[in-house]
Amino acid sequence: MRGSRWTALLWILIVAGCASAATATNVLTPLGARLTANAPMGAPVPLRIDPNARVTHSMAANLPPAIYWAAPADHGEQVFAKTCALCHQRSQFVGQAFVDSWNDRRVSDLYTLVRSTMPLDDPGGLKDEDYVGVVEYLLKANHADPAPDSAKPDTASLRTHKIAARAP
């Protein structure tokens, strides 16, 4: 019973914090996108409460560096231009800022963030190959090594490699 009181108090504080944050102006959303008053909005996403959830920062310094696949990276560049570039500038994800934020983290951390939060008006609304392609494109744009043409990326391999980006 005692744990449920703390959980209820925590959710009250979170809701109050979200309500005050919603009135703030010029608030940056995930990945630096900005919502404007006339931005198209999708259906509301239901919140699921998991009292056992833990936030972890997945450092992956001992994992091998990620490689990118040319065909998915080219597809990801097209997806970025058609979808992501509506809110994000390419310079947010290429260069020193990307290196500082993402080096030595699992590729799956980036994939999970992009897949669960983007696009803002329809999180998770793209095909899985589009999300993988965008991640592959960002690896290529940040000078990851190319992969052999015979292989193909999958979400399982994203967990076993780290981002080892280099600024141009």
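The values are calculated or read from the model by the stated rules, or taken from the named source; none is laboratory data. If you're wondering where the values come from, they're calculated on a predicted model, not measured in any experiment. So basically every Cβ, Gly included, is an ideal-geometry build from the backbone, and we count neighbours across all protein chains shown.
The lone criterion from (1) of a type outside the set (V, I, T); (2) surrounded by fewer than 19 Cβ atoms within 10 Å (Cβ to Cβ); (3) under 21 Å from A167 (Cα atoms) left unmet by G125 is number (3).
Listed here are the residues, each with its yes/no results for (1) surrounded by fewer than 21 Cβ atoms within 10 Å (Cβ to Cβ); (2) in contact with a Leu (Cβ under 9 Å, 6 or more places away or on another chain); (3) closer than 15 Å to P64 by Cβ.
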{"residue": "Q96", "(1), (2), (3)": "yes, no, no"}
{"residue": "V114", "(1), (2), (3)": "no, yes, no"}
{"residue": "L120", "(1), (2), (3)": "yes, yes, no"}
{"residue": "V132", "(1), (2), (3)": "no, yes, no"}
{"residue": "V135", "(1), (2), (3)": "no, yes, no"}
{"residue": "L138", "(1), (2), (3)": "no, yes, no"}
{"residue": "A165", "(1), (2), (3)": "no, yes, yes"}
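The condition of being at pLDDT below 90 and surrounded by fewer than 17 Cβ atoms within 10 Å (Cβ to Cβ) does not hold for A147. Checked against (1) at pLDDT below 90; (2) more than 21 Å from K162 (Cα to Cα); (3) among the small types (G, A, S), A81 meets all criteria but (1). Beta carbons closer than 6 Å, at least 6 apart along the sequence or on distinct chains, pair a first residue in region 90-101 that is hydrophobic (A, V, I, L, M, F, W, C) with a second that is surrounded by fewer than 16 Cβ atoms within 10 Å (Cβ to Cβ) for V99/A167.
For the structure I just gave you, tell me whether A164 is assigned to a loop (DSSP other than H, G, I, E, B) and not acidic (D, E). Judged against the criteria, A164 is a match.
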